[in-house]
1. Project the alpha carbons of region 6-67 onto their principal axes and report the range along each, largest first, in whole Å.
2. Could you work out which residue, out of D71, D100, D117, moves most in a Gaussian network model of the chain, that is, has the largest mean-square fluctuation with Cα springs under 10 Å?
3. Between region 143-166 and region 1-80, how far is it from one alpha carbon centroid to the other, in angstrom?
4. On each of the three principal axes of the Cα atoms of region 71-176, give max minus min coordinate, whole Å, ordered largest first.
5. Compute the angle between helix 108-118 and the longest alpha-carbon principal axis of the chain, please, reported from 0 to 90 degrees and rounded to the nearest 10.
6. Longest span of the chain, sites excluded, free of trypsin sites (Lys or Arg not before Pro) in DSSP loop with at most 16 other C-beta atoms within 10 Å?
7. Treat the count of other C-beta atoms within 10 Å as a stand-in for reagent exposure and order V17, V60, V146 from fewest to most.
8. Please work out how much length the chain gains when fully extended from S105 to S37, using 0.36 nm per residue of separation minus the C-alpha to C-alpha distance, in nm with one decimal.
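Please treat every number below as a calculation from the coordinates, not as lab data. It should be emphasised that the depicted structure is a prediction, and the values quoted were computed from it without experimental measurement. A quick note on method: Cβ atoms are made from the backbone with ideal geometry, for glycine too, and the neighbour counts reach across all protein chains shown.
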Amino acid sequence: MGRKRKALGFIVGEKVVYPSHGVGQINSIVSQEIGGSKQEMFVIHFESEGLTLRIPTKRVPEVGLRNLVTDEELTKALGLLTGRAKVKKSMWSRRAIEYDQKINSGCIIKLTEVVRDLNRHDPNKDQSYSERQLFEEAYGRLTKEVAAVKQISILEAKEVISDTLLRRKFKAKDLAA
């Protein structure tokens, strides 16, 4: 198997986002024979899931593999957390499908919207199991990307997100006063 340092603008060792798994790291770029033809593949490891995937480089646009967002894009996305939650009046099953699609879209803006919309400041307010699961999935993926972009720990990334969400809470109190 041959090794390359770079393919399609991705470099071995860099962190990337795979829409259905979140942040992973490209461990290598290899050539592998599949069905009688050689294919170049990214070998991406997702540490938090203990998962390694091989993704054919020619399928990168199709699967939505992307680089981490820039600091500027991250700041814009996190700014959405201070806004008002936008919860549609449609049935929960339809909203759950929409949230799941946003989480797996690979778009940090859509991911941040799910965190904002499903976040509950009031622990006494009811939240269904499926709602909580979707929130935790979105929150976890956002946390990993914040940590990777800012080069901080997961714990520090959670603090960044929590502090931003708290600003929304205080902003709402100020408007109500």
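1. Ordered largest first, region 6-67 gives principal extents of 34, 23, 20 Å.
2. Between D71, D100, D117, it is D71 that shows the largest mean-square fluctuation.
3. Their Cα centres are 22 Å away from one another.
4. 39, 34, 21
5. Result, in degrees: 30.
6. The segment 6-83 is the longest one with no such site.
7. V60, V17, V146
8. Length gained between S105 and S37: 21.5 nm.
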